[in-house]
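Rule-based calculations on the coordinates, nothing more; no lab input. These figures come from a predicted structure and were not determined experimentally. For neighbour counting, all protein chains shown are included, and Cβ atoms are generated from backbone atoms with ideal geometry for every residue, glycine included.
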Amino acid sequence: MSEPAIELRNVTKRFLTPSGGIYTALRDLDMQVAPGEFNAVVGPTGCGKSTTLALISGLEPPSEGQVRVNGRPVTGIVPNSGFVFQSDAVFPWKTVLDNVAAGPRYRGTSTREARKQAREWIARVGLAGFEDRYPHQLSGGMRKRVALAQSLITEPRILLMDEPFSALDVQTRTLMENELLGLWSLTSSSVVFVTHDLEEAIALADRVTVITAGPGTVKGTYEVDLPRPRNVAEIRFEPRFVHIYQEIWSDLREEVLVSYERQKHSAGAA
Amino acid sequence: MSVRSIRPARPEIATVAKALPAVAADSTQASARARSIRRRRLNVYALRVLVAVVWIGSWELLTRFKVVDPFFFGQPSGILQKLQTWTTEGTALGPLWEQVAVTMEETVIGFVVGAVLGVAVGVLLGRNRLLAEVFSPYIKAANSIPRVVLGALFAISLGLDLKSKVATAAILVFFVVFFNAFQGVREVDRNLIANARILGADNRRLTTEIIIPSALTWIIASLHISFGLALVGAVVGELFGATAGVGELIYSAEHNFDANGVFAGMLLLAAMALIAEALITALENRLIIWRPNPVGTDIKV
Ligand SMILES: Nc1ncnc2c1ncn2[C@@H]1O[C@H](COP(=O)(O)OP(=O)(O)O)[C@@H](O)[C@H]1O
Ligand SMILES: [Mg+2]
């Protein structure tokens, strides 16, 4: 096998809590993503999924272990990476056009050329005609499209997505999932897609990584050998899908229960 | 959508609904509501006028019938007369417009200098933790002294011309804008910063395209108060020693025991402040068009 696009070796991440304590978010996490692979990471809330993405993107350094992207150790923001955040991270004071043009501009393209590229990408995510709108004038689904175009326009070699569709209604979400697959199939990016929804993970990914309840570490990885192109709305009913779902769920369930018990206890203590 | 169904039955919710996006199910109900809102607004204006009439009328009557002494308390008709004399015959210091122009110049320059420095230092300290920690006790100390007194110092060190008034105005503006800019920078959404960094923004871009636009809401809020403060600074500076300006006009009226002159000067200052306030609101609406609720639609006191 060729060198992995993303590799986390024995990674531990600790945070200083506001009360002065130390909180271990990830412990001894090992993970690999092959070039061009779509990897979905699932795990209970608070298990360290967002933290994992922060480490891969270079937004946060690991406390121990090593993170490598495209064969090089990560020491700062990884160039050629894209990140779609869980909450809205499009810039509210920029129009759709300038939001999408931001990446190329920051990377040295002239404003004129960046806007030209941006128009193409806006059309590609189905927002033609909305170039001059501000984010607050768009629906949640449209803002996600802007975020998607904003990331994809830089043609990232690795694309990190943190529960990007979790705030959308079910119909919009299925649409967006299909569009994401369509756009991704035209690229050769490696994707790490974080979600707490196992169905979404299987429908989208080549491989699913299950993380344990915090401190997070890899509980298991599962191949998803469903054929592409896929239709997310229909694939859920395939027998093979159901089979994979059951296999992964039996592992994930324990972690969700652990996490749930803990939340109940801490809620009781508070 | 159970909210919608109970709204018409509860008037207090109906008035609040003005601020919500239009979801009117029933157009006749909506227009009835619009009418009642309009009627309410007219009532408010009528009551405002009434307050002014009662206030100024009783002032005029009380002083005319010598219940209170117009020598000490002024008299509305006298104030008007004073303003008229000033405009037609000029003031003791020269033409009226010159005094207004002098004070306006001091105010505007002081305002701009103070605001620019306030934003610059606020952004600098907001972005740099070490600097913020080193300077915070000094800034707190400087903020706790009554800064108008510095006007006296400036009158000595900078002389009696423009510079000392500009400095007094600027220092008053600086602190207010600084604290707001600093807070604004601190409150910038971390996700937005992370997003910009991933997209390739360097530090300069991060500051100009993310930090400052995001802090702008805070900064502009401080500009509203600041212009009034700049005016206070300029006038106080003039009181400490000057040869022209509305403050000097008030000072000389006071010297001549001319209460009407003092009030007339105050009226001029109020008019200047109101015009500036309108300009700043216009600027705000232009700079912050991206915001969901443009300002100026809510009630301000
Ligand atoms: N900057 C931080 N400081 C302290 N604790 C943090 C920080 N970021 C995350 N954590 C903690 O680490 C754990 C994992 O967080 P996160 O990666 O956001 O989980 P997930 O995305 O899986 O829900 C959580 O318990 C969270 O409270
Ligand atoms: Mg998360």
Partners for A:LYS219 among lysines (Cα-Cα distance below 21 Å; same-chain residues under 8 apart left out): A:LYS13, A:LYS49
Going through the DSSP H helices of chain A, which span 15 Å or more along their own axis at the Cα atoms while scoring at least -1.0 as a mean Kyte-Doolittle hydropathy? A:96-106, A:140-152, A:170-185, A:239-269
Axial C-alpha extent at least 27 Å, average Kyte-Doolittle at least -0.5 - helices from chain B (DSSP): B:27-64, B:96-127, B:162-186, B:212-239, B:259-287
Where a ≥ b ≥ c are root eigenvalues of the Cα gyration tensor, a/c under 1.5 meaning rounded, otherwise prolate if a/b exceeds b/c and oblate otherwise, the stretch B:218-288 counts as prolate
Calculate the dipole size of the protein assembly as shown relative to its Cα centre from +1 charges on Lys and Arg beta carbons and -1 charges on Asp and Glu beta carbons; express the result in debye to the nearest 20. 880
A:SER87 label point, 7 Å along Cα→Cβ, cut-off 18 Å on backbone N: hits in the stretch A:113-136? A:135-136
Taking a label point 7 Å from the Cα of B:LEU62 along Cα-to-Cβ, the residues of the stretch B:261-277 whose backbone nitrogen sits under 12 Å from it are none
Where the only charges are on Cβ atoms (+1 Lys, Arg; -1 Asp, Glu), what is the dipole of chain B about its Cα centre, to the nearest 20 debye? 1680
Where labels lie 7 Å past Cα in the beta-carbon direction, separation of A:VAL242 and A:HIS265 in nm: 3.7
Taking the Cα of A:GLU234, stepping 7 Å toward and past its beta carbon, and measuring to each backbone N in the stretch A:164-179: which are under 20 Å? A:171-179
Given the rule -39500 (n - 2.57) for each run of at least 4 DSSP H residues, summed and divided by the residues of the protein assembly as shown, what is its mean residue ellipticity at 222 nm, to the nearest 500 deg cm²/dmol? -19000 deg cm²/dmol
To the nearest whole number, what is the average tally of beta carbon atoms from other chains within 10 Å of the beta carbons of peptide A:105-112? 2
Candidate lysines for bridging to B:LYS66, where Cα separation is under 30 Å - those fewer than 8 sequence places away on the same chain excluded: B:LYS82
Under a cut-off of 25 Å between alpha-carbon atoms, report the lysines in cross-link reach of A:LYS94, not counting same-chain residues fewer than 8 places apart. A:LYS116, A:LYS144
